[in-house]
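Q: Just passing along the structure, written as structure tokens.
The values are calculated or read from the model by the stated rules, or taken from the named source; none is laboratory data. Nothing here was measured: the structure is a model prediction, and the numbers come from that model. Neighbour counts are summed over all protein chains in view; Cβ atoms, including those assigned to glycine, are modelled from backbone coordinates with ideal geometry. With ligands, DNA and RNA removed, areas are computed over all heavy atoms of the protein, side chains included. Shrake-Rupley method; radii C 1.70, N 1.55, O 1.52, S 1.80 Å.
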Amino acid sequence: MSSRVHACEHTVGVAAPAGVVYGMLADAARWPVFLPSVVHVERLDFDGVQERLRMWELADETGAGNPGNPGNADADADADAGAGAGAGVGVGGVLGGRVGSWYARRVLHPDVRAVVFEQEDAVWPGSVTSGVWSVRPAGETECVLGLRQERGLAVAAADGAGARREAEADVHRRLAQVRRAAGRWEQWDELLLSFEDRVRIEGPAELVYDFLYRIGDWPGRVPHVERTGVCEDVPGIQVVSLDTCAAPGGRTVSTRAVRLCFPHAGRIVYKETLTPELVAAHSGEWSLLPDASGVTVVAAHQVMLRQEAVAPVLGAGTGLLEARDHVRAWLSRASTETLGLAKWHAESTVRRLR
């Protein structure tokens, strides 16, 4: 089937300095906490100017959007800007959908605040989208964000018009998501938190990884996990739903997540797509660091708080600092309990084998 290139370009005003917005676009590794549909970004190569990335993201269950673009899996971010505490969703309202991946080559131009990209769908090599992000100052605390995108579209009359509309809508969606995330730039220091927990295990990394990978068995192994549902249609990509009681007070909290499993690297990365009320976005990683006599397991978290939920959940007068401490203690308690049981599993298995 023949194809042709469809180009579209749009701009949007953003209530943030141009340097802040450009920095957010350039730092793709942090997109999982800023952009709802992005699950994980892996930097494969970087020389300071040019980089090669692989990205995994959610495609809308209804089929809208192109899985090769961040921000494609949800409706216009402005549509849910009023979602308040108790919404139980991540930033932008992404609840699930299939997971796609794509490769990208990017060239960073900090002098003119532009990011040139060319991306190729990992499943359909040869399906290429290219373009450029641009940021133009419009005052000390405002800027104009632009996105030009060129996408190869099938000429077939049956879907050509729809594909063109979809490409246009995709640009609008991505611009809206970046605008919404960047608009909170003054509060990022309070809303964002990163931390990790570590456990040393005197046992083989394979047993530890097996415990972490088999999340479907956790209800019978990990006390705070009441229920899990696991779908792994594609090997190594798990879509998981969990009911846990690790939150203070022991109440049940339901979450959903996408987990990407890399057994040869000893890593499992994840992104929650249905989050607790206090959490706007949560991504993390289980990583194994083996040595001659055992393995150190690291549970890393990146979190963005949902400010509007703080008072309804924790009480009037509660500030973001207290909310940060609350969320960190809660997530750390859950991950350290899981790591402790992974340690027991690996070490007790070794003792039995001896």
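Q: What whole-number distance in Å separates the alpha-carbon centres of the range 263-316 and the range 4-26?
A: Spelled out, the Cα-based centre of one part sits 28 Å from the other.
Q: For the ranges 268-276, 131-139, what's the packing order if you count other beta-carbon atoms within 10 Å of each residue, average per peptide, and put the highest first?
A: Working: 268-276: 23.0, 131-139: 18.1.
Final packing ranking: 268-276, 131-139.
Q: Quote the Stokes-Einstein diffusion coefficient, in whole µm² s⁻¹, for the range 250-354, based on the Kirkwood radius over alpha carbon pairs, a temperature of 4 °C and a viscosity of 1.567 mPa s. Spell out each step's value before the answer.
A: Values: Rh = 15.8 Å.
Result for D is 82 µm²/s.
Q: Something else about it: Given a 1.4 Å probe and the protein chains all in place, what does the accessible area of Glu226 round to, in Å² to the nearest 10?
A: 90 Å²
Q: Among Thr336, Gly315, Ala292, which residue has its Cα positioned farthest towards the positive end of the charge dipole of the range 291-354, with +1 placed on the Cβ of Lys and Arg, -1 on the Cβ of Asp and Glu, and the dipole taken about the Cα centre?
A: Ala292
Q: Near the amide H of Val39, under 5 Å away, which other amide H atoms are found, from residues 5 or more places off or on another chain, if H is placed in the peptide plane?
A: It is Trp56, Glu57, Leu58, by chain and number.
Q: Right, next: Just order 329-336, 45-52, 291-298 by mean Cβ neighbour count inside 10 Å, highest at the front, would you? It would help to have the intermediate numbers written out before the result.
A: Details: 329-336: 17.4, 45-52: 11.1, 291-298: 15.2.
Output ranking for 329-336, 45-52, 291-298: 329-336, 291-298, 45-52.
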